[in-house]
1. Sort out which residues of the stretch 23-66 are touching a Phe, Trp or Tyr at 6+ places or on another chain (Cβ under 9 Å), more than 16 Å from ligand 2 (Cβ to nearest atom) and in a loop (DSSP other than H, G, I, E, B), and write them in order of number.
2. Go through the stretch 157-207 and give me each residue that's out of contact with any helix residue (DSSP H, G or I) (no Cβ under 7 Å at 6 or more places or on another chain), open to solvent by less than 70 Å² (accessible area, probe 1.4 Å) and part of a helix (DSSP H, G or I).
3. Determine, yes or no, whether D60 is modelled with pLDDT of 95 or more and in contact with a Lys or Arg (Cβ under 8 Å, 6 or more places away or on another chain).
4. Report every pair of residues separated by at least 6 positions or lying on different chains whose Cβ atoms are under 7 Å apart, first residue within the stretch 7-35 and more than 13 Å from A393 (Cα to Cα), second among the β-branched types (V, I, T) and within 16 Å of ligand 1 (Cβ to nearest atom).
5. In the stretch 414-437, what residues are assigned to a loop (DSSP other than H, G, I, E, B), open to solvent by less than 20 Å² (accessible area, probe 1.4 Å) and either out of contact with any Phe, Trp or Tyr (no Cβ under 8 Å at 6 or more places or on another chain) or not aromatic (F, W, Y) (or both)?
6. Looking only at the stretch 108-147, which residues are part of a loop (DSSP other than H, G, I, E, B), open to solvent by 10 Å² or more (accessible area, probe 1.4 Å) and farther than 29 Å from G447 by Cβ?
7. Looking at the stretch 215-309, what helices (runs of 4 or more DSSP H) fall wholly within it and have at least 1 residues that are of a type in the set (K, R)?
8. Among the listed residues L350, L387, which satisfies the condition of being among the aliphatic types (A, V, I, L, M), under 24 Å from I93 (Cβ atoms) and either within 16 Å of ligand 3 (Cβ to nearest atom) or open to solvent by 10 Å² or more (accessible area, probe 1.4 Å) (or both)?
Amino acid sequence: TTKATLIINGTLVDAHQQVNKQLLMLDGKIAQIADKITQYPSGTQIIDAKGMHVMPGGIDVHTHFNIDVGISRSCDDFYTGTRSAACGGTTTIIDHMGFGPRGCSLGHQLEVYKEYAKDRAVIDYSFHGVIQHVDDQVLEDMQAMVEQEGISSFKLYLTYGYKLDDDSALKALTRLNELNALTAVHPENDAAIAQRRAKLIKEGKTAPKYHGVSRPLECEAEAIARMINLASLAGDAPLYIVHLSNGLGLDYIRLAKNNKQAVWSETCPQYMLLDDSLYNDIDAVKYVMSPPLRPQAELEKLWQGVIDGSIDTIATDHCSFTYADQKQAGVTDFTKCPNGMPGVETRMPLMFSEGVSKGRISPEKFVELTSFKPAKLFGLYPQKGCLLEGSDADIVIFDPEQQVTISHSMLHDNTDYTPFENYPLTGWPVMTFSRGKLVARNGEFLGTAGAGQFLRRKQFDKNRLK
Ligand code: URP
Ligand code: ZN
Ligand code: ZN
Ligand code: ZN
């Protein structure tokens, strides 16, 4: 059993308010929140959190651990990936499973991924279903996934090898709407990318910097608009746009939300903080991911979307490949570069520093973006995403004043770089608790492989977030 812990003198912050109260963790749950807690077991560890923010642990709803992308396998598995997450203040991840063998059943990847995570994950986890083709069997199998397995969100892709056409996308949206499940989409226009890629290759323009040129923001914005309209045609099927990177796509999302459509969106720190000038650098392959980094002007638009609520969540799309080895495959040919970058450990510190410390968002908004709305959207609330009696004791204590300069050497993933090397921060997660157990303290990992539990998620309730 986990030792009881009493946090005193801290400021408790959730998505709605800040209060100066004490918090008792007992048997993995938040047992009590009160002005003064006087009854607790002997041997309870008492933490003085004076000057600290005590917040719900982060929920990163977009990781790719141990993913086979065909040309490579990502270098973080469910141990190193969740270890890194925990050290960065994240206590739950929802992983986007990779594609399975062509024609495999909907449940196939779930079994594969449960095996990957079991005995490895140090914090709680779930998976989004992955729809790589649509037929009667897949549509039927969705029901058991939602109702028995607790998988209440599914992703489809509009580009890559298993892209869905409109017919399949419509069928998936319609069926998932019926089953009270959320459709997440990787939106990029495949034809435009393919044409541009072919032209670039013909012209010998295969340096990493052409990765961005091959998939400009209109590719993404077009696919976002298309999916929004298909979701509407599917009876206002709930739709979740992953890794939004640009302002035009955001405008379409904003319009849909203004029209009261059931649309939500996610962005990632890299799209808010890094721009496409990095593709001119000698180490440009580090930043090869899809969607690519965008022109500087887009960054501020995303911040505006976060501030006005058009963007609902901040996740990472953590999909790591080593620079020294795996990413080198793309040095002379971007089409050979495994796409993606690490970020699961730096999300919370970066968003706290750039958001809260710089005065762009409140601490409550920070919690909303990194934990509360992810929990609401993906069926984990109120088990996760809040500080309520009875909720899991998944807690991060942030020191809002601590100054840190990011370097890869302080991180706990299994890659060999961070895109945020030398990034200066104000604010740092000093303690992370998973189900009441201290799993990270001041950059030291204290957790255990296999302690993380698979989370069966609740069905999607459109009305709770409209
Ligand atoms: O480049 C990326 N983002 N790789 C991961 C897969 C995806 O598209 O999310
Ligand atoms: Zn609240
Ligand atoms: Zn994607
Ligand atoms: Zn992804």
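1. Answer for the stretch 23-66, where residues must be touching a Phe, Trp or Tyr at 6+ places or on another chain (Cβ under 9 Å), more than 16 Å from ligand 2 (Cβ to nearest atom) and in a loop (DSSP other than H, G, I, E, B): M52, F65, N66.
2. Within the stretch 157-207, S168, A172, T174, N177, D190, A191, A194, A198 qualify.
3. Yes, satisfied.
4. Qualifying pairs under 7 Å: none.
5. T415, T418, P419, F420, G436
6. Listed by number, the residues that qualify are Q132, H133, V134, D135.
7. 217-233, 247-258, 296-308
8. L387
The values are calculated or read from the model by the stated rules, or taken from the named source; none is laboratory data. These figures come from a predicted structure and were not determined experimentally. Cβ: placed from backbone, ideal geometry, glycine included. Neighbour counts: every protein chain shown. Side chains are part of the model used for accessible areas, which takes the heavy atoms of the whole protein and leaves out ligands, DNA and RNA. Shrake-Rupley method; radii C 1.70, N 1.55, O 1.52, S 1.80 Å.
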